[in-house]
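The structure appears right after this line, and notes come after that.
The values are calculated or read from the model by the stated rules, or taken from the named source; none is laboratory data. Quantities reported herein were computed from a predicted structural model and do not represent experimental measurements. Using ideal geometry, Cβ is built from the backbone for each residue, glycine included, and neighbour counts are taken over all protein chains shown.
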Amino acid sequence: MFADIKSATIEVWQHRELLEQLTRRDIKLRYKQAAMGFAWAVFMPCLIVLSGLIIRYAMAQISGQALHQVDIANIAIKGVGWAFFVGALGFATASLVGNSNLVTKIYFPREVLPLSSVGAQSFDTSIGLLTLVIILPLLGVRLHASFAWVPLLLLLLVLFTTGVSLFLSCANLFFRDVKYIVQVVLMFGIFFTPIFFEPAMLGAKGAHLAMLNPLTGILEGLRLSVVDGRNLLYPITEIVKGVERPVWTPWELVYSAACAVIAVLGAALMFRRLQHLFAEYV
C-alpha cells in the first residue's frame with residue numbers, strides 16, 4: 001500500500017513541470033473570453049458571502065438580534081474556504097473525462113489532471129484571500145498571534161479537497177452519473193456545512209453532528225483563529241442565546257486532520273490501483 005503511494009508521489013514530482021503547465025492551461029481556459037476576467041475569482045466568494053448575509057439577517061430578525069460586523073467577517077472567512085472546496089471539486093470531477101485525448105495517448109501519472117484542477121482553484125482562492133486581507137480590517141479584525149494557525153488549516157483544506165477530488169474524478173470515469181450527483185450535493189451542501197451559522201447555534205446534539213463533517217473543524221478553526229483570535233490548542237466556549245456552550249475542542253482539529261490525511265492517502269491508493277483501466281472507460 002505505502003509502496004503504491006510512494007510511487008505515485010515520486011511520479012507526480014517527476015512530472016511537476018507538466019502539472020504546472022496543465023494548471024496554467026486550466027487557469028487560462030477558465031477566463032478565456034470572459035468579460036470580467038479574474039474578477040470572477042472575487043465575485044463567486046462574494047456571492048456566497050452575500051447569500052450568507054441575507055440568510056443571517058433573516059435569522060437575526062426572527063430571533064430579535066442585531067447583525068454585527070463580526071458576523072460578516074465570520075461568513076467571509078468561511079465562504080472563501082467553501083468556494084475553494086466547491087470550485088476544485090466541480091472542475092476536478094470531470095478532469096479525466098474532459099482530457100480523454102491525453103489519457104488514451106500519452107503516458108503520465110493521471111493524478112496530474114485532478115491535481116491541476118485543484119491548483120487552478122488555489123490560484124482563484126489566493127485572489128479571494130488577498131481580498132479578505134483588505135476587507136477583514138474594515139470589519140474590525142486585527143492581526144494577532146492566532147493567525148499562526150492559518151497555514152495549517154489551509155493545508156488541511158487543500159489536502160482534504162485533493163483527496164476528495166482524486167476520488168471523484170476516478171469515480172466519474174467509471175460512473176458518469178457521479179458528476180451530476182456532485183453538483184446536487186454541492187448545491188445543498190452549503191446548508192449542512194456551518195458557513196452561514198456557527199455549530200453552537202444548533203444546540204449540543206446538532207453541534208456534534210455538524211462536527212462530523214471534516215470541513216466543519218477546518219472552517220470553524222479559521223473563524224476562531226482569524227476573527228476571534230483564539231488559540232485552537234485549548235477548549236473554547238461562547239455565550240449562545242444566553243447559554244454558555246462549548247464551540248471548540250482541540251480534538252476537532254485532530255479529527256479534521258485525520259480525515260484529510262486518510263482522504264488523500266486513500267484516494268491516491270485507489271487512483272494508483274485503478275488507473276490501468278482508465279483508457280478503457282474514458
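Taking interchain pairs and intrachain pairs at least six residues apart, which have beta carbon atoms under 7 angstrom, with the first residue in region 190-202 and within 18 Å of Ile72 (Cβ to Cβ) and the second in a helix (DSSP H, G or I) and among the basic types (Lys, Arg)?
Close Cβ pairs satisfying both conditions: Ile195/Lys78; Phe196/Arg56.
Take the residues in region 88-135 that are of a type in the set (Val, Ile, Thr) and closer than 30 Å to Ala73 by Cα; name whichever of them is modelled with the highest pLDDT.
Restricting to residues being of a type in the set (Val, Ile, Thr) and closer than 30 Å to Ala73 by Cα, the top hit is Val118.
Please work out which one of (1) of a type in the set (A, V, I, L, M, F, W, C); (2) touching a helix residue (DSSP H, G or I) at 6+ places or on another chain (Cβ under 6 Å); (3) closer than 30 Å to Asp177 by Cα; (4) crowded, with 16+ Cβ neighbours inside 10 Å is the condition Val227 fails and give its number.
With (1) of a type in the set (A, V, I, L, M, F, W, C); (2) touching a helix residue (DSSP H, G or I) at 6+ places or on another chain (Cβ under 6 Å); (3) closer than 30 Å to Asp177 by Cα; (4) crowded, with 16+ Cβ neighbours inside 10 Å applied to Val227, the lone miss is (3).
This table checks each residue for (1) assigned to a helix (DSSP H, G or I); (2) surrounded by 13 or more Cβ atoms within 10 Å (Cβ to Cβ); (3) touching a Ser or Thr at 6+ places or on another chain (Cβ under 8 Å); (4) at pLDDT 85 or above.
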{"site": "Phe38", "(1), (2), (3), (4)": "yes, yes, no, no"}
{"site": "Gly52", "(1), (2), (3), (4)": "yes, yes, no, no"}
{"site": "Gln65", "(1), (2), (3), (4)": "no, no, no, no"}
{"site": "Ile77", "(1), (2), (3), (4)": "yes, yes, no, yes"}
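Give the residues of region 113-144 that are at negative phi, of a type in the set (Gly, Ala, Ser) and either touching a strand residue (DSSP E or B) at 6+ places or on another chain (Cβ under 9 Å) or in contact (Cβ under 8 Å) with a residue 24 or more places away in the chain (or both), sorted by residue number.
Ser116, Ser117, Gly119, Ala120, Ser122, Gly128
From the residues in region 230-245 that are assigned to a strand (DSSP E or B) and surrounded by fewer than 14 Cβ atoms within 10 Å (Cβ to Cβ), which one is nearest to the chain's Cα centre (by Cα)?
Across region 230-245, the extreme among qualifying residues is Thr237.
Return a yes/no flag: does region 247-265 have any residue that is modelled with pLDDT of 90 or more and among the acidic types (Asp, Glu).
Scanning region 247-265 turns up at least one residue that is modelled with pLDDT of 90 or more and among the acidic types (Asp, Glu).
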